[in-house]
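Colleague: I'd like to ask some things about the structure below.
All of the numbers you see were taken from the coordinates with simple rules; none came from a lab. Model, not experiment: these values are computed from the prediction. Every residue, glycine among them, receives a Cβ derived from its backbone with ideal geometry; neighbour counts consider all protein chains shown.
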C-alpha cells in the first residue's frame, strides 16, 4: 500500500539550519548535512531544504550545502529557495537534489515549470503554494515568504501548475503556519481533490492528531513538518508509530 | 567500472552518489565505447519513454545489447526498466529492447498519477538482486506508467492493481522504483548488484 509521507523540512540561512532541533550525538546541530542525515535515520520519508538566505548570500553557500547533504542522503531530497531560472535549477540538480521547489518565480514566470519539467521530468518539479484564506472556501496564493499577494486564486493556480507539468504541490496554509493549531484540512482537501498530482500539506502541525486529520479529512498525500520534535515526540519514528496505530499507512519499519 | 548510461534524460547524479557511497568505481557516460568496456551497466531513467530513442541514434543501444549478450550485468531503473519491455503506451512509436514481454501502460483513472512515494514490495520468487531486503520492504517510486507482471517478475507492487516492481533473468535486472532513493533497502540492492 502506498504510504503517507512524513517530510522533514530544514530552513537554512546562509548555510546554517535555523530553528534546528536537537539530536543526540550530533556534532553540529546547525549543519544541514548532519541534520538531514539524522532526520533520515530517524524515519523521515523525504527531506526538504529551504534556503531562506538573503539573495546576495545565497549562491555561494547553497550549492555547497546541497552537495554535502546529498552525499549522505539516500531518500528523496528537495531543495527550494531562490531558484529563478532553468540554470539555477540545473545547478541544484547537479549538486545532488532530486527535486526543486519553486514558488515566487513560478508565479512570476509560469513557463519556468515546463522548462524545468521537460529537461528533468515532472517528478523533479515541486510547485510550492503559500495560500491565505480570503473568503469562504477561497484562498489566494502569496509570494515572497507570504508577504506579497499574487492576485491568483490558490486552487486555480494549483490546477494551472499541474497542467504546466508540476509533479507535486507543496501547499502551505499561511493562516495556520506557526500556530500549532492543526493543518488547514479544508484548504488541503479543496486542492488535493482537484488535482491528480500529490499534495503535500504544510503549516499548523502541533501534534500527531493533526497529521491523522490532514490525511483522513484533508486527503493529503504527504505532510511536511519543520519542527517535528517540538510536538512532544523525541523521534520522528515515534510519530510514525502513532500514525500507524491510528490506521494511517506509513513506512515503518524503515 | 560500472557505466551509468547518460542519454540526456533526467538526473543521474543520485545513482552515481549511491555507488560512490558503496565505494564502487563508476562513471556517467554517453560514450558507447566506455559502455562496451564496462564491467556492469546501469541505465537510470526519469523522464519520458520517448527519450530512450536517443539510445538508438547514439549507438548506445548497440553497445548495451552486445554487452548483454556477453553476459555483462545490466540494471535498468524506472524508465530504464520499462525500456527493457517491448514498448510503452507513453510513446507508441518508440520500441523498447524487448528483453521482457509486454507493454507498459498508464495507471487507471481510479488512482492518482503519478504514483509517488514509498510503497511496499511483494517478493514473488528468489532473486539475486533482492537478497537480504526483507519480505515486504518499502521502496520509493515515482512514475506514471507501469510494466506488466511477467514470468520473470521477482517483486510486485500494488497501486490501482498489481504491476512489476522488479524483473530478473540471468544477467538482466530491472526495477521500477529508485534504489538510490530507497534508504538502506535500496543501498542493499545496489550492493547486491555490485557484488554480482
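Colleague: Nearest 5 percent is fine: what portion of the DSSP beta bridges confined to the stretch B:2-194 is antiparallel? Present the calculation step by step, with values, prior to reporting the outcome.
Modeller: Details: 20 of 36 bridges.
Here the antiparallel bridges make up roughly 55 percent for the stretch B:2-194.
Colleague: Rank A:206, A:80, A:151 by mean-square fluctuation in a GNM of chain A with C-alpha springs under 10 angstrom and give only the top-ranked residue.
Modeller: Of the options given, A:151 has the highest mean-square fluctuation.
Colleague: Let me ask something else. For each of A:199, B:150, count neighbouring Cβ atoms within 10 Å of the residue's Cβ, then give the residues from fewest to most.
Modeller: Numbers: A:199 28, B:150 13.
Ordered from fewest to most neighbouring Cβ atoms within 10 Å, A:199, B:150 come out as B:150, A:199.
Colleague: How crowded by other chains is B:110-117, given as the mean number of beta carbons from other chains within 10 Å of each beta carbon? Intermediate results must be reported in sequence, preceding the final value.
Modeller: Details: counts 0, 2, 9, 3, 8, 2, 10, 13.
Counting Cβ atoms of other protein chains within 10 Å of each residue's Cβ and averaging gives 6.
Colleague: Estimate the FRET efficiency between residue B:69 and residue B:135 by the formula 1/(1 + (r/R0)^6), using the beta-carbon distance for r and 41 Å for R0, to the nearest 0.05. Write down the numbers at each step before the final one.
Modeller: Details: r = 34 Å, r/R0 = 0.83.
In this case the efficiency is close to 0.75.
Colleague: For the protein assembly as shown, rounded, prolate or oblate, judged on the Cα gyration tensor with a ≥ b ≥ c (square roots of eigenvalues), a/c < 1.5 rounded, else prolate if a/b > b/c? Kindly include the intermediate steps, with their values, before the conclusion.
Modeller: On the way: a/c = 1.56, a/b = 1.55, b/c = 1.01.
It comes out prolate by the Cα gyration axes.
Colleague: Counting DSSP beta bridges with both partners in the stretch A:43-156, what percentage is antiparallel, nearest 5? List each step's numbers first, then the result.
Modeller: On the way: 9 of 19 bridges.
DSSP beta bridges in the stretch A:43-156 are roughly 45 percent antiparallel.
Colleague: Order these by the 10 Å Cβ neighbour count, fewest first: B:2, B:41. Can you show the working numbers first?
Modeller: Details: B:2 21, B:41 24.
Final ranking by Cβ density, sparse to dense: B:2, B:41.
Colleague: Go ahead and estimate [θ] at 222 nm for chain B from helices alone: -39,500 (n - 2.57) per DSSP H run with n ≥ 4, summed, over the residue count, rounded to 500.
Modeller: Details: 6 runs with 46 residues, N = 196.
Estimated from H runs of four or more residues: -6000 deg cm²/dmol.
Colleague: Tally the DSSP beta bridges in the protein assembly as shown and give the antiparallel ones as a percent, rounded to 5.
Modeller: Values: 32 of 81 bridges.
Given both bridge residues lie in the protein assembly as shown, the antiparallel proportion sits at roughly 40 percent.
Colleague: What is the stretch A:5-245's relative contact order, in percent, from Cα pairs under 8 angstrom and six or more apart in sequence? All intermediate terms of the calculation are to be shown ahead of the outcome.
Modeller: Details: 509 pairs, mean separation 39.3, N = 241.
Relative contact order, the stretch A:5-245: 16 percent.
Colleague: At 7 Å along Cα-to-Cβ for each site, give me the label-to-label distance between residue B:27 and residue B:169 in nm.
Modeller: Those two pseudo-labels are separated by 3.1 nm.
Colleague: What FRET efficiency would be calculated for the residue pair residue B:34, residue B:156, taking the C-beta separation as r and a Förster radius of 45 Å, to the nearest 0.05?
Modeller: The formula returns an efficiency of 0.85 here.
Colleague: Do me a favour and compute the ellipsoid semi-axes for chain A from its Cα gyration tensor, root of five times each eigenvalue, largest one first, whole Å. Mind showing how you got there, number by number?
Modeller: Values: eigenvalues 120, 111, 53 Å².
Each semi-axis is the square root of five times an eigenvalue, giving 24, 24, 16 Å.
Colleague: Expressed as a rounded percentage, what relative contact order does chain B have, with Cα pairs under 8 Å and six or more residues apart?
Modeller: On the way: 436 pairs, mean separation 36.7, N = 196.
The normalised contact order for chain B reaches 19 percent.
Colleague: Which residue fluctuates the most in chain B, going by a Gaussian network model with Cα springs under 10 Å, if the choices are B:13, B:79, B:185?
Modeller: With Cα springs under 10 Å in chain B, the top fluctuation among B:13, B:79, B:185 is at B:13.
Colleague: Ranked by Cβ crowding within 10 angstrom, fewest neighbours first, how are A:6, A:248 ordered? Write down the numbers at each step before the final one.
Modeller: On the way: A:6 26, A:248 19.
Going from least to most buried by this count: A:248, A:6.
Colleague: Report, in whole Å, the centroid distance computed from the Cα atoms of the stretch A:110-131 and the stretch B:138-188.
Modeller: One Cα centre to the other: 26 Å.
Colleague: If you don't mind, there's one more thing I want to ask. Quote the relative contact order of the stretch B:101-167 in percent (integer), defining contacts as alpha-carbon pairs under 8 Å separated by 6+ residues.
Modeller: Working: 119 pairs, mean separation 25.7, N = 67.
Relative CO of the stretch B:101-167 lands at 38 percent.
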